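This report refers to the structure that appears directly beneath it.
The values are calculated or read from the model by the stated rules, or taken from the named source; none is laboratory data. What you see is a predicted model; the values in this text were computed from it and never measured. Using ideal geometry, Cβ is built from the backbone for each residue, glycine included, and neighbour counts are taken over all protein chains shown.
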2 protein chains.
Amino acid sequence: MAATGRDDDDGVRAPGTADGERVQAALRRHLAARREVVAGVDPGVDRLAGLLADFVLDGGKRMRPRFALAGWAAAGPDEGSAPDEVVAACAALELIQACALVHDDIVDASDTRRGRPTVHRATEAVHRENSWDGDAARYGVSQAILLGDLALTWADEMFVGSGVEPEALGRALGPWYAMKTEVLAGQMLDVLAEASGATDEETPRRVNRYKTAAYTVERPVHIGAALAGAPDETVRALREFGVAVGQAFQLRDDMLGVFGDPEVTGKPSGDDLREGKRTLLLARAVGLAGADDGEFLLSVLGTEPDPDALDRARTILVGSGAVASVEAEIDALIARALEAIGSEAVSPHGRRALRDLADAATRRRS
Amino acid sequence: MAATGRDDDDGVRAPGTADGERVQAALRRHLAARREVVAGVDPGVDRLAGLLADFVLDGGKRMRPRFALAGWAAAGPDEGSAPDEVVAACAALELIQACALVHDDIVDASDTRRGRPTVHRATEAVHRENSWDGDAARYGVSQAILLGDLALTWADEMFVGSGVEPEALGRALGPWYAMKTEVLAGQMLDVLAEASGATDEETPRRVNRYKTAAYTVERPVHIGAALAGAPDETVRALREFGVAVGQAFQLRDDMLGVFGDPEVTGKPSGDDLREGKRTLLLARAVGLAGADDGEFLLSVLGTEPDPDALDRARTILVGSGAVASVEAEIDALIARALEAIGSEAVSPHGRRALRDLADAATRRRS
């Protein structure tokens with residue numbers, strides 16, 4: 001029921017692009033200033049906040065800020081780089097992502113993320129090392145819930161306090177808040193679908209639409225364009241691009257969740273089956289395969305399948321035609337996305353940046 | 001480790017004051033508008049959001065919005081009521097409180113709140129009723145974490161989108177964000193102190209300062225004053241009042257946590273001892289009592305004490321002089337608070353409202 005794709009799971013730092021470095025610097029500054037407030041309350045709490053800061057600064061591809069900055073560029077006539085205030089506003093998306101990941105790892109009971117202990121496991125370990133009172137696991141979860149809340153609080157503070165002029169901020173607040181509600185609603189639907197055992201294609205499609213597409217691409221490019229004061233036509237084109245790329249991104253994630261190389265994804269092989277994820281890939285295979293094979297697939301969900309069972313599941317996913325059909329859908333989505341930004345409403349340098357990001361998001365191996 | 005006092009536990013609706021009704025109406029409007037976005041994602045998710053909306057609309061004394069509105073009144077020369085935008089901005093404090101309570105009930109593993117199942121228990125029950133897949137308790141906690149996040153998101157959206165003019169909002173954002181970081185830092189310190197078994201007075205004092213005083217009174221009155229454009233002198237007076245009343249509020253809470261009438265508080269008798277809370281009342285008793293009695297008090301913490309043990313603990317708390325000394329401290333804090341707002345920097349009608357609220361917060365029985 002991950003709130004997020006594998007995009008943050010691979011321990012790979014944001015590539016050393018100028019945008020990536022500037023996002024990193026903005027996050028470092030904001031976190032340092034926030035930690036001063038926390039340190040004023042208590043040094044022990046500041047150490048906890050340090051875990052959060054390390055988590056934010058140590059990993060992730062910075063996908064959402066980069067999409068937002070590409071959205072900003074798409075609305076600009078020249079190739080100049082975004083002012084610091086815009087970079088800070090876009091970087092704030094990483095703090096929402098930090099909350100999503102920290103809380104999601106509790107929901108999924110995950111032990112590792114980016115090759116390190118998850119935040120609730122790290123705080124649990126501190127409890128054990130100090131032989132403190134009470135249940136260590138519960139302590140870890142409690143502090144991680146609060147640290148996720150802190151990340152969410154600091155995200156809003158960073159966005160609203162980024163320094164962009166009030167008019168630009170006023171335009172961007174609509175998509176900012178819409179995105180926050182959409183991603184949470186998408187996550188709740190995901191948890192609900194997993195529990196209620198939905199097998200239709202409509203449910204994962206809706207989860208992908210809000211939990212992934214709106215959150216990862218559509219609203220970030222929308223926010224970037226709104227900050228730049230883009231005309232309606234540009235905003236429309238970018239959102240259409242975002243919905244399509246975001247859905248393709250999730251479909252790629254579905255494939256990696258079953259066929260990904262554990263060495264590259266940083267997750268165990270076949271992790272989505274083990275976690276019982278109701279992906280669109282799975283729903284399609286159940287629909288296309290014969291009754292026996294479909295039942296077998298569903299029976300594997302949420303279990304610890306042995307290598308033979310995992311092999312059979314993969315064979316069914318391929319043999320049913322589900323894999324080929326999802327790959328074809330990814331291609332069609334990318335084509336639609338690129339068509340959406342093909343008009344003059346999108347600047348040529350913005351289009352290039354968007355195309356590169358779309359490629360990275362949907363051709364990735366992790 | 002409650003994030004909050006008993007102030008929300010008693011099932012009592014906000015008194016039918018004009019302010020209380022207007023806060024309620026603002027919350028109802030905002031929640032209805034937010035739920036439209038959620039309903040657009042999925043009707044099942046909207047039912048979950050309905051649990052949150054009911055939770056927000058059904059209970060609580062609306063202490064924080066009322067302190068904020070009194071802070072606004074304190075800065076105004078006449079007795080006119082606050083405009084709708086100011087009421088909406090102040091009402092947003094209740095959504096932060098909703099997140100705090102929902103997440104806190106997970107942290108404390110509480111089953112009931114305001115005489116009803118807590119949100120994680122209510123969602124867990126839906127899982128059981130439908131005989132869904134997976135662990136019902138884990139499902140309940142997962143959805144409640146996300147619903148708390150939703151409340152926190154909607155709080156910011158309500159505050160920033162309240163409609164107050166940009167200049168007033170700009171002034172109020174400082175205390176708004178500071179409060180959000182302070183309450184989370186205070187909660188983390190509380191969880192940390194409980195685990196590490198701190199017995200000094202300094203730790204609960206610091207927890208009270210941030211988790212309760214800043215969050216419940218100081219920052220709300222500060223926010224109200226900032227919205228009104230109060231001069232520095234007024235802000236200073238209000239914050240001094242807020243710190244003192246907020247601390248007195250927590251000390252009253254400590255007393256109710258051991259001596260409160262379960263019929264009135266809605267919590268089991270002696271609940272703080274059972275939960276192992278490291279209150280200032282307890283720390284003082286341990287300091288004042290003889291070694292045997294002090295050890296006995298600490299041994300009761302976090303256990304299910306029988307009536308005799310509870311009686312002995314109460315006898316020690318009284319006999320050691322801790323109760324009398326905490327009562328004296330409450331009186332001294334109230335006196336200091338009233339002195340702080342005695343100057344001309346605070347309007348007479350604002351002073352009256354603040355005094356009434358201080359009284360309600362510190363003389364309460366629940």
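Would it be correct to say that A:Ala230 is modelled with pLDDT of 95 or more and assigned to a loop (DSSP other than H, G, I, E, B)? Against the criterion (modelled with pLDDT of 95 or more and assigned to a loop (DSSP other than H, G, I, E, B)), A:Ala230 qualifies.
Within segment A:131-139, none of the residues are surrounded by fewer than 22 Cβ atoms within 10 Å (Cβ to Cβ), basic (Lys, Arg) and more than 21 Å from B:Val102 (Cα to Cα). Per the listing A:Asp200, A:Asp253, A:Asp232, A:Asp190, the residue uniquely within 12 Å of another protein chain (Cβ to nearest Cβ) and of a type outside the set (Gly, Ala, Ser) is A:Asp190.
Only residues that are of a type in the set (Lys, Arg) and at the interface with chain A (Cβ under 7 Å from one of its Cβ atoms) were counted in segment B:170-187, giving 1. For B:Asp190, the conditions (1) under 29 Å from B:Pro307 (Cα atoms); (2) of a type outside the set (A, V, I, L, M); (3) surrounded by fewer than 20 Cβ atoms within 10 Å (Cβ to Cβ) are fulfilled apart from (3).
Taking (1) at pLDDT 95 or above; (2) within 13 Å of chain B (Cβ to nearest Cβ) in turn, A:Ala195 satisfies each apart from (1).
Checking each residue in segment B:142-180 for being under 16 Å from A:Ala155 (Cα atoms), without any contact (Cβ under 8 Å) to a residue 40 or more places away in the chain and surrounded by fewer than 24 Cβ atoms within 10 Å (Cβ to Cβ) picks out B:Val160, B:Leu173, B:Tyr177.
Quick grid of which residues meet (1) farther than 19 Å from B:Thr17 by Cα; (2) surrounded by fewer than 23 Cβ atoms within 10 Å (Cβ to Cβ):
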{"site": "B:Arg35", "(1), (2)": "yes, yes"}
{"site": "B:Val45", "(1), (2)": "yes, no"}
{"site": "B:Gly50", "(1), (2)": "yes, yes"}
{"site": "B:Gly60", "(1), (2)": "no, no"}
{"site": "B:Leu69", "(1), (2)": "no, no"}
{"site": "B:Trp72", "(1), (2)": "no, no"}
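Do the conditions hold for B:Ala137, that is, is it more than 8 Å from chain A (Cβ to nearest Cβ), in contact with a helix residue (DSSP H, G or I) (Cβ under 8 Å, 6 or more places away or on another chain), modelled with pLDDT of 95 or more and under 22 Å from A:Gly276 (Cα atoms)? The answer is yes for B:Ala137.
Within segment B:190-204, the set of residues being of a type outside the set (Ser, Thr, Tyr), free of Cβ contacts under 8 Å to residues at least 60 places away in the same chain and farther than 20 Å from B:Ala100 by Cβ comprises B:Glu202 only. The residues listed here are A:Thr212, A:Thr265; of these, the one that is surrounded by fewer than 22 Cβ atoms within 10 Å (Cβ to Cβ) and under 19 Å from A:Gln97 (Cβ atoms) is A:Thr265. Across segment A:247-262, the qualifying residues are those that are charged (D, E, K, R) and part of a helix (DSSP H, G or I), and the one among them that is surrounded by the fewest Cβ atoms within 10 Å (Cβ to Cβ) is A:Arg252. Would you be able to say whether some residue in segment B:270-292 is in contact with a Phe, Trp or Tyr (Cβ under 9 Å, 6 or more places away or on another chain), in contact (Cβ under 8 Å) with a residue 24 or more places away in the chain and at positive phi? Looking for residues that are in contact with a Phe, Trp or Tyr (Cβ under 9 Å, 6 or more places away or on another chain), in contact (Cβ under 8 Å) with a residue 24 or more places away in the chain and at positive phi, one finds at least one in segment B:270-292, hence yes. Take the residues of segment A:99-129 that are over 26 Å from B:Gly134 (Cβ atoms) and at pLDDT 95 or above: which is nearest to the other protein chains (Cβ to nearest Cβ)? By that ranking, first place goes to A:His127.
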